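For reference, the structure discussed in these notes is given below.
The values are calculated or read from the model by the stated rules, or taken from the named source; none is laboratory data. Since we're looking at a predicted model, the values are computed, not measured. Here Cβ is always computed from backbone atoms with ideal geometry, including for glycine, and neighbour counts include all displayed protein chains. Note: accessible area is taken over every heavy atom of the protein model, side chains too, but ligands, DNA and RNA are not part of it. Shrake-Rupley method; radii C 1.70, N 1.55, O 1.52, S 1.80 Å.
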Amino acid sequence: MMSLLSLSQLANFKTSHHDSEQRLIVTGMSWDEYEQFIESLGDSAAYRTIYLEGVLEIMSPSRRHEVSTENIGRLLEVYLEVAEIDFWGLGSTTLRVRKGEAGKEPDKCYCFETEKEFPDLAIEVIVTSGNIKILEVYRRLEIKEVWLWQDDQLNVYYLENEQYSLQEKSQLLPNLNLNLLCQFINHPNPRLAMKEFREKL
């Protein structure tokens with residue numbers, strides 16, 4: 001049970017694995033226990049959690065994971081600035097709904113046009129696959145669009161009729177050239193990536 005898992009144990013879990021991405025699964029956790037655990041983490045950026053129907057997965061992001069996450073966020077914000085689209089970046093805010101028994105911290109998430117309780121877009125960088133289905137969690141959270149960056153490929157899913165469908169382009173940002181954005185995600189110099197991406201927009 002989660003009550004047996006202390007923050008000091010989590011710290012050992014993180015520091016014992018250098019730069020690899022590690023996951024810890026806890027089963028049989030009630031919603032109240034999940035909320036208590038989230039509160040105990042506070043604003044710690046050391047972990048990402050995902051909860052679905054009594055199962056909690058805790059992930060310690062690798063350096064590679066965090067670099068890709070930040071690169072995608074910076075490039076997207078360059079586009080939003082150039083396109084003059086108002087946005088609110090909510091980072092890895094914990095999103096949760098009791099009725100759906102689902103919770104998650106996106107790697108990045110954004111509201112467009114107006115600030116909202118739940119973001120319009122969630123972005124996930126997948127280095128190693130977890131056991132909990134990410135899209136099912138986001139479906140219960142009713143996030144309109146989800147981007148999954150995995151194996152140097154960006155897949156876009158849009159929520160229609162309570163189901164996600166794979167899209168060729170963003171439905172929220174239809175004028176964004178995703179192929180162009182993807183060319184700069186692994187650029188070795190983030191500043192130059194932003195500069196060159198901006199010049200091509």
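For the structure I just gave you, tell me whether GLU77 is surrounded by fewer than 18 Cβ atoms within 10 Å (Cβ to Cβ) and within 24 Å of GLN183 (Cα to Cα). Lay out the reasoning, then the answer.
Numbers: surrounded by fewer than 18 Cβ atoms within 10 Å (Cβ to Cβ): yes; within 24 Å of GLN183 (Cα to Cα): yes.
Taking the combined requirement at face value, the residue satisfies it.
Condition check for LEU90 on (1) surrounded by fewer than 17 Cβ atoms within 10 Å (Cβ to Cβ); (2) within 25 Å of ASN175 (Cα to Cα); (3) at pLDDT below 95: one failure, at (1).
Keeping to the stretch 75-115, report how many residues are in a loop (DSSP other than H, G, I, E, B) and in contact (Cβ under 8 Å) with a residue 12 or more places away in the chain. Break it down into steps so the answer makes sense when it comes.
Step one: of the stretch 75-115, the residues in a loop (DSSP other than H, G, I, E, B) are 83-86, 90-94, 98-101, 105-107, 113-115.
The next check asks that each one be in contact (Cβ under 8 Å) with a residue 12 or more places away in the chain; those that pass are 83, 85-86, 90-94, 98, 100-101, 105-107, 113-115.
So the answer is 17.
Looking across the stretch 178-201 at every residue that is part of a loop (DSSP other than H, G, I, E, B) and touching a residue at least 12 places away in the same chain (Cβ under 8 Å), the one that is farthest from GLY73 (Cα to Cα) is identified as LEU201.
The condition (being more than 24 Å from LEU52 (Cβ to Cβ), within 14 Å of the chain's Cα centre (by Cα) and either of a type outside the set (Lys, Arg) or open to solvent by 80 Å² or more (accessible area, probe 1.4 Å) (or both)) is satisfied by just one residue among GLU70, GLU105: GLU70. The set of residues from the stretch 25-63 being farther than 30 Å from PRO174 by Cβ, open to solvent by 10 Å² or more (accessible area, probe 1.4 Å), touching a residue at least 40 places away in the same chain (Cβ under 8 Å) and not in a loop (DSSP other than H, G, I, E, B) comprises ILE25, TRP31, GLU35, ILE38, LEU52, VAL55, MET59, ARG63.
Looking only at the stretch 159-177, decide whether some residue is surrounded by 16 or more Cβ atoms within 10 Å (Cβ to Cβ), under 18 Å from the mean Cα position of the chain (by Cα) and assigned to a helix (DSSP H, G or I). Taking every residue of the stretch 159-177 in turn, none turns out to be surrounded by 16 or more Cβ atoms within 10 Å (Cβ to Cβ), under 18 Å from the mean Cα position of the chain (by Cα) and assigned to a helix (DSSP H, G or I).
Looking at the stretch 43-71, which of its residues are of a type in the set (A, V, I, L, M) and touching an Asp or Glu at 6+ places or on another chain (Cβ under 8 Å)? Correct list: ILE50, LEU52, MET59. Looking only at the stretch 116-135, how many residues end up being assigned to a strand (DSSP E or B) and among the small types (Gly, Ala, Ser)? Number of matching residues: 1. Inside the stretch 29-68, residues that are in contact with a helix residue (DSSP H, G or I) (Cβ under 8 Å, 6 or more places away or on another chain) and either of a type in the set (A, V, I, L, M) or over 17 Å from THR93 (Cα atoms) (or both) make up a count of 9. Within the stretch 146-158, being within 15 Å of the chain's Cα centre (by Cα) and within 22 Å of MET59 (Cα to Cα) holds for VAL146, TRP147, LEU148, TRP149, GLN150, LEU154, ASN155.
With the condition kept exactly as written, say whether any residue in the stretch 130-140 is at negative phi and touching a helix residue (DSSP H, G or I) at 6+ places or on another chain (Cβ under 7 Å). No, the stretch 130-140 has no match at all.
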